[in-house]
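This report refers to the structure that appears directly beneath it.
Quick note: the coordinates plus some simple rules give every number you see, no bench work behind them. Here the structure is a predicted model, which means the values were calculated and not measured.
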Amino acid sequence: MKRSGVLLLCLCLLGAAGCSDDGPTNPSNLPIVMTASLSPSNEVPAIASPENTGFGNVQITFNVTRDSTGAITAGTADFLFQLTGFPSSTTIIAAHIHPGAAGVNGGVIVSTGIVAANPVTQTNGVMTFSVSNVAVPTATLQSIVNNPAGFYFNVHSPTNPGGVARGQLNRTL
């Protein structure tokens, strides 16, 4: 858990280091960053052995465009997640954002594009995945920004196709 947390902290710091105070910026178009701690115990229902030992983190950066009133008019998402502690046979065959408060399941609204034909596998006990520029419908993006806790991110395995690790979104930037 500490390794994953340190990775996300470093990524956030690197992102902040790229900002400059040298001139004016348009804060309305700055990225919006969400994170979630992923755990099998957060799934509904909670995951049983053998895949209940893993954990991880996700960082989702929404790159938004806003109009002069500040309303979001377009956006994309960049995803980065890291998982560890799962059995060596575990692979990730899907990863998505869903609507739903803690304890409530919802349908897929934003997919990372991971599919069973091209799963995320482990290297030295760690599964890492990143993808950029995923289109997000404007209304969906606005809903997530308005109420991050009403949405969750989860990853799916062949053993647990309904989801193996889940976390509610939390806005960090």
Relative contact order of the range 46-171, pairs being alpha-carbon contacts under 8 Å that are 6 or more residues apart, as %: 28 percent
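Shape call for the range 64-110 from the C-alpha gyration tensor, a ≥ b ≥ c root eigenvalues: rounded (a/c under 1.5), prolate (a/b greater than b/c) or oblate?
prolate
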